[in-house]
Every structure is written in C-alpha cells, then in structure tokens.
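The values are calculated or read from the model by the stated rules, or taken from the named source; none is laboratory data. No experiment lies behind these values; they were computed from the predicted model shown. All Cβ positions, even for glycine, are placed from backbone atoms using ideal geometry, and neighbour counts span all protein chains on display. Each accessible area value is taken on the protein alone, full model and side chains, heavy atoms only, with ligands, DNA and RNA left out. Shrake-Rupley method; radii C 1.70, N 1.55, O 1.52, S 1.80 Å.
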Amino acid sequence: MKLGRAALGLLLLAASVVQAVEPISLGLALAGVLTGYIYPRFARCLKTLQKDLDNKLFGQHLAKKIILNAVFGFINNPKPKKPLTLSLHGWTGTGKNFVSKIIAENIYEGGLNSDYVHLFVATLHFPHASNITLYKDQLQLWIRGNVSACARSIFIFDEMDKMHAGLIDAIKPFLDYYDLVDGVSYQKAIFIFLSNAGAERITDVALDFWRSGKQREDIKLKDIEHALSVSVFNNRNSGFWHSSLIDRNLIDYFVPFLPLEYKHLKMCIRVEMQSRGYETNEDIVSRVAEEMTFFPKEERVFSDKGCKTVFTKLDYYYDD
C-alpha cells in the first residue's frame with residue numbers, strides 16, 4: 001500500500017520525536033491519517049450536561065451558563081467555522097478541572113479515559129524550556145494525527161500558567177478559521193485550556209461586589225471577560241503571554257471561575273458524603289468547612305483552596 005504525501009511526512013516527523021514523552025498513542029495518530037475519520041458513538045445525550053453542572057458545580061453561575069451555551073451550540077452546529085476554544089481561569093479548587101471532566105464525560109463514553117479525549121499537563125509533557133522547538137513539533141503531530149482519526153477530538157491543556165511562553169502558539173493554525181490545514185479539518189474539535197492566571201482579577205471583581213453588598217449572581221461576564229483576557233495576555237508567567245491565540249481572537253470564551261465562599265464548601269462536602277454512601281451529617285459538614293482557611297485575612301470571605309481539599313478532610317471523620 002502506498003502512503004499519501006501527508007502520511008509519509010507524518011511518519012518521517014514521528015521518527016524524529018519518538019524518544020520524547022508522548023501523552024497520546026502515536027499508533028492512533030498514524031492510523032487516523034491512513035484510514036480517515038472515525039466517528040465514535042457519543043456516550044449520552046448532551047442534555048445531561050446541564051444536570052451534572054447543576055448538581056455538582058457550585059458558586060459558578062457564569063461558568064455554567066457559558067459552558068452550556070457554548071457546548072450545546074457547537075455540538076449542534078453541523079458546520080462550525082472553527083474549533084470550540086474555551087479558556088477556564090480561576091484559583092485552585094474552583095472547578096476548572098472538574099468542568100473539563102464533566103464535558104468529556106457528556107460527549108464520550110469513558111470521559112477522560114476515552115481515546116478521543118487528550119490531556120496535556122504543562123509540567124509533565126513540556127517540562128524543559130530548552131526543548132520548546134521539539135515540543136512544538138510534537139504538539140502539532142499529536143493534534144494533527146488525532147483529529148485525522150476523530151474530527152470531534154477533545155484536547156485539554158492543564159497548567160497553562162506554567163507552560164513556556166510561545167509554545168501554545170504552535171497550534172494557532174488549528175484554531176483559526178480555515179476549512180482545511182494540510183488536508184485536515186479541525187473545525188469540529190474542542191480545545192480547553194485551564195489556568196490559574198487571571199485569578200487575581202476575578203477575585204477583585206467578586207470582592208468588590210461582596211463589599212458593595214451585591215449578590216455574586218449579579219456579576220455579568222462583561223464585568224470580567226475583557227479585563228481577564230488582558231490580564232492573561234500580559235502575564236509573563238502565563239503560557240498565554242503575548243500569545244497569538246489571544247491577539248487574533250481565537251479563544252471563543254474566557255470563562256471566569258469565581259472564588260468559593262463558605263456556603264459553597266458545605267455544598268461540596270454534602271455531595272461528597274452522598275457519593276460515599278453516607279447520610280448527610282450537618283455537624284460534620286460544618287466542622288470540615290470551618291477547618292478551611294479563607295481570605296482576605298480580615299474579612300475571610302473566600303476559601304483559598306476552594307473545594308479541593310474538603311474531600312480528604314472528610315477521611316478524618318470517616319476513618320474506619
């Protein structure tokens with residue numbers, strides 16, 4: 001069997017990078033180029049996405065609305081003009097990773113373990129600044145191969161605030177308004193970026209509303225989005241520093257995750273109790289929530305770790 005020009009080029013490129021850490025299967029990538037598109041069966045109706053967000057994500061009215069509208073609209077569009085690109089920002093424990101997991105689970109059977117969902121962690125897969133050129137080549141290879149195998153592939157980039165500046169720009173052609181790039185269409189893929197960058201700006205807005213006696217639910221996307229994108233673009237410690245993805249308006253939504261309050265921690269604890277098969281014990285719920293630390297120091301409004309550690313703290317009370 002003769003290889004097409006694109007496949008041959010991919011094989012040659014693959015040979016030069018096989019020694020590097022590979023977060024996806026190179027075999028799957030090559031198979032996609034050789035056999036064409038594969039359309040796997042979706043796990044379940046996307047209507048369950050709203051139910052999952054309502055029941056499991058707390059204190060994030062903006063994120064819920066944006067994610068629901070963006071994902072519903074994109075999946076139901078038979079001919080999108082570009083990939084769906086979401087950039088999720090906020091402090092640790094506010095729900096960014098959790099939301100990316102929920103999205104994956106509602107689109108593909110197996111969720112994050114699906115062959116069509118690909119997770120990149122900056123400090124794991126791209127640790128050395130001296131290898132940035134190699135990483136760019138790898139990233140393009142991995143994405144091209146997997147989108148060739150499945151047009152609706154999902155790519156999740158975690159720790160964008162720790163990624164080397166300039167690296168993510170390697171995927172700019174895949175996010176742009178092109179019908180085809182080297183014979184491959186990326187218009188049905190989904191790209192999700194997770195970052196702590198910009199969290200300070202999000203907190204400033206939330207704290208201003210709290211100090212003014214306003215409800216956090218009154219915060220609108222317009223109150224945060226522009227300032228958030230500018231903050232991330234100008235943050236030298238962010239993988240988006242002066243990135244063409246922002247400069248060329250290729251990120252569809254900057255999704256702010258607000259810092260969580262005491263009441264939201266209690267919601268997280270109750271859900272965790274239920275998931276373990278325990279009856280809700282409000283005394284334990286309150287004790288675990290009170291063990292968390294809050295900021296600012298004087299006002300103690302927001303949890304500095306969100307819901308991230310409440311689950312392990314429950315182990316103390318249910319240690320068999």
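Here is how the numbers come out for the structure above:
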item	result
Highest-fluctuation residue, Ser148, Ser212, Ser286 considered, GNM on the chain with Cα pairs under 10 Å	Ser212
Per residue, the convex hull volume that the Cα atoms of the chain enclose (Å³)	157
Karplus (6.51, -1.76, 1.60) ³J(HN,Hα), θ = phi - 60°, over segment 188-197, in Hz, Gly and Pro reported as x	9, 7, 10, 10, 10, 10, 10, 7, 8, 4
Straight-distance crosslink candidates among lysines, where the alpha carbon sits under 21 Å from Lys297 and sequence neighbours closer than 8 are dropped	Lys214, Lys263, Lys266, Lys305, Lys308
Per-pair calculated FRET efficiency, R0 = 41 Å: Thr92 and Lys214 via Cβ, rounded to 0.05	0.95
Of Gly183, Gly73, Gly166, the one that fluctuates the most in a GNM where the chain has Cα springs shorter than 10 Å	Gly183
Computed helical MRE - 222 nm, the chain, DSSP H runs ≥ 4 contributing -39500 (n - 2.57), nearest 500	-13000 deg cm²/dmol
Per residue, in Å², the accessible surface of the chain once ligands and nucleic acids are set aside, probe 1.4 Å	48
R0 of 41 Å, Cβ-Cβ distance Lys47-Leu134: FRET efficiency to nearest 0.05	0.45
In Hz, Karplus ³J(HN,Hα) per residue of segment 112-117 (6.51, -1.76, 1.60; θ = phi - 60°; x = Gly, Pro)	5, 8, 5, 5, 10, 10
Under 5 Å, built H, 5+ apart or other chain: amide partners of Phe193	Leu86, Ser87, Leu88, Phe157
Proximal charge balance of Asn281 [Cβ under 13 Å; K/R count +1, D/E count -1]	0
Residue with peak Gaussian network fluctuation, the chain [Cα springs, cutoff 10 Å], from Gln50, Gln215, Gln60	Gln215
Cα gyration tensor category, rounded, prolate or oblate, for segment 262-316 with a/c compared to 1.5	prolate
